[in-house]
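Presented below is the structure to which this report refers.
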Amino acid sequence: DDLGLNMNQFLYWNMDNEVEIWGGTHDDVIKEVTDDVFEMYIQNYVATVKAVRKINPNIKICGPVAASEWDWYNPTTTQPTDKGKKYCWLEYVIMRLAEEEKKCGVKMIDVFDIHNYPQDQDVATMLQTHRMYWDEDYDYPGANGVKKINGYWDNSITKEMVFVRCQNWIDKYIGKGYEVKYGISEYNIKSTDAMPTALAYAGNLGEGARHGMEYFMPWDWRTGMWETAHIFSRYAKAINVNTTSSDEELLSAYTSINESRDSMTVILVNRNESGTQIVQANISNFDCPDGTYDAYILANLPNGEETFVSHSQNALQKATATVS
């Protein structure tokens, strides 16, 4: 109140930062990670949510903000144990918040928020990191922490699908129909080259749009990201359209229409490092007269040089697409 800020501009309340690894990163606060520490976190979380809801019931609570793939499942030193059973981190948080919500009747989470810092060195794998969240068929080469999802090491587990797993736990402990969105509040790949960065960012934005992701934020802002952000914010529409590709690994189409349903944008992401791909897109249930339409190509971005200045000064190349 003293600052006179419009609180409607502050919609998201982030529930701390990577608390499950404080035993390593903040050992001045948490000397040793134990079950008592996990329970202290839950109690602090619940008390904070109750206080925030009283200040502004429209605030969106975002948590638990877990650090990265290993830490989604494994806090520093040990996994939590409850009633004699060992849990991975995300399942434990969902289970305990479900119990506390049922006690007090206050909604404990609006956006399930995690960080993702995949450690892959090769570009081909970097460009698949958007598949770690919802793709139930993707065998992730960097799968690591997920192998301890059941409290013990199981080397046969290779599919991340972390948000699918979280939704299943929410359905189990809170109940189906519970309203929750998903978000990534920190993300980076290892490469700083412009084209892999632009493509990885596009894959995450496109996949997020497909599944209704609430937000997606890179940690470092790198060359190539402005170009991608410009394409999606300037040309993509408000409503996602179901789109399938015959080779989703190398080519994705992220399609959207406007609210009046008379304008469509198709954003194609080519992950083939060796060159171009020929695309034939089949459109159904949308009235699109035969003719030539505007198209734009983003390719061959230089490393270390920012090409985006504005909507009128950037690296997009004008082209055309034919509809028949």
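Here Lys85 passes the criteria (1) more than 20 Å from Ile170 (Cα to Cα); (2) open to solvent by 20 Å² or more (accessible area, probe 1.4 Å) except the one numbered (1).
Evaluation of Gly4 against the conditions (1) in a loop (DSSP other than H, G, I, E, B); (2) more than 24 Å from Val162 (Cβ to Cβ); (3) touching a Phe, Trp or Tyr at 6+ places or on another chain (Cβ under 9 Å) shows that the sole unmet condition is (3). Of all residues in the stretch 99-151, those satisfying the criterion of being over 22 Å from Asp82 (Cα atoms) and hydrophobic (A, V, I, L, M, F, W, C) are Val106, Val111, Ile114, Val123, Ala124, Met126, Leu127, Met132, Trp134, Ala143. A count restricted to the stretch 244-274 and to residues that are in a loop (DSSP other than H, G, I, E, B) and surrounded by fewer than 18 Cβ atoms within 10 Å (Cβ to Cβ) stands at 16. The residue list Asp139, Asp154 contains one member that is closer than 26 Å to Asn272 by Cα, surrounded by fewer than 17 Cβ atoms within 10 Å (Cβ to Cβ) and modelled with pLDDT of 95 or more, which is Asp139. Would you check which residues across the stretch 5-35 are open to solvent by 90 Å² or more (accessible area, probe 1.4 Å) and either within 23 Å of Glu214 (Cα to Cα) or modelled with pLDDT of 95 or more (or both) and list them? Matches in the stretch 5-35: Met7, Asn8, Gln9, Phe10, Tyr12, Trp13.
Within the stretch 39-59, being surrounded by 15 or more Cβ atoms within 10 Å (Cβ to Cβ) and either β-branched (Val, Ile, Thr) or closer than 20 Å to Pro80 by Cα (or both) holds for Tyr41, Ile42, Tyr45, Val46, Thr48, Val49, Val52, Ile59. Pairs meeting the criteria (first residue in the stretch 131-142 and under 14 Å from Tyr117 (Cα atoms), second residue open to solvent by 80 Å² or more (accessible area, probe 1.4 Å) and assigned to a loop (DSSP other than H, G, I, E, B), beta carbons under 9 Å, at least 6 apart or on different chains) are Arg131/Asp137; Arg131/Glu249; Gly142/Gln119.
For (1) of a type in the set (D, E, K, R); (2) open to solvent by 70 Å² or more (accessible area, probe 1.4 Å); (3) more than 24 Å from the chain's Cα centre (by Cα), each residue gets a yes or a no:
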| site | (1), (2), (3) |
| --- | --- |
| Cys62 | no, no, no |
| Trp72 | no, no, no |
| Thr81 | no, no, yes |
| Met95 | no, no, no |
| Glu101 | yes, no, yes |
| Asn116 | no, no, no |
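Within the stretch 100-116, being touching a helix residue (DSSP H, G or I) at 6+ places or on another chain (Cβ under 8 Å) and not basic (Lys, Arg) holds for Glu100, Cys104, Val106, Met108, Ile109, Phe112, Ile114, Asn116.
Screening Ala209, Ala202 for residues that are open to solvent by less than 50 Å² (accessible area, probe 1.4 Å) and of a type in the set (Gly, Ala, Ser) leaves exactly one candidate, Ala202.
Pick from the stretch 165-217 the residues that are in a helix (DSSP H, G or I) and β-branched (Val, Ile, Thr): which of them is nearest to Gln121 (Cα to Cα)?
Thr197
Taken over the stretch 55-98, the criterion of being among the acidic types (Asp, Glu) and free of Cβ contacts under 8 Å to residues at least 60 places away in the same chain is satisfied by Asp82 alone. Within the stretch 14-29, is there a residue that is of a type in the set (Gly, Ala, Ser) and within 27 Å of the chain's Cα centre (by Cα)? Scanning the stretch 14-29 turns up at least one residue that is of a type in the set (Gly, Ala, Ser) and within 27 Å of the chain's Cα centre (by Cα). Taking the stretch 212-238 as the range and being within 17 Å of Cys62 (Cβ to Cβ), surrounded by 15 or more Cβ atoms within 10 Å (Cβ to Cβ) and out of contact with any helix residue (DSSP H, G or I) (no Cβ under 7 Å at 6 or more places or on another chain) as the test, the residues that pass are Met213, Glu214, Tyr215. Taken over the stretch 278-313, the criterion of being touching a residue at least 24 places away in the same chain (Cβ under 8 Å) and more than 24 Å from Ile257 (Cβ to Cβ) is satisfied by Ala299, Asn300, Leu301, Pro302, Asn303, Gly304, Glu305, Glu306, Thr307, Phe308.
Among the residues of the stretch 159-167, is there at least one that is open to solvent by 20 Å² or more (accessible area, probe 1.4 Å) and in contact (Cβ under 8 Å) with a residue 60 or more places away in the chain? Looking through the stretch 159-167, at least one residue is open to solvent by 20 Å² or more (accessible area, probe 1.4 Å) and in contact (Cβ under 8 Å) with a residue 60 or more places away in the chain.
The values are calculated or read from the model by the stated rules, or taken from the named source; none is laboratory data. This one's a predicted model, so the numbers in the text were calculated from it and none came from an experiment. Note that we place each Cβ from the backbone using ideal geometry, even for glycine, and neighbour counts take in every protein chain shown. Side chains are part of the model used for accessible areas, which takes the heavy atoms of the whole protein and leaves out ligands, DNA and RNA. Shrake-Rupley method; radii C 1.70, N 1.55, O 1.52, S 1.80 Å.
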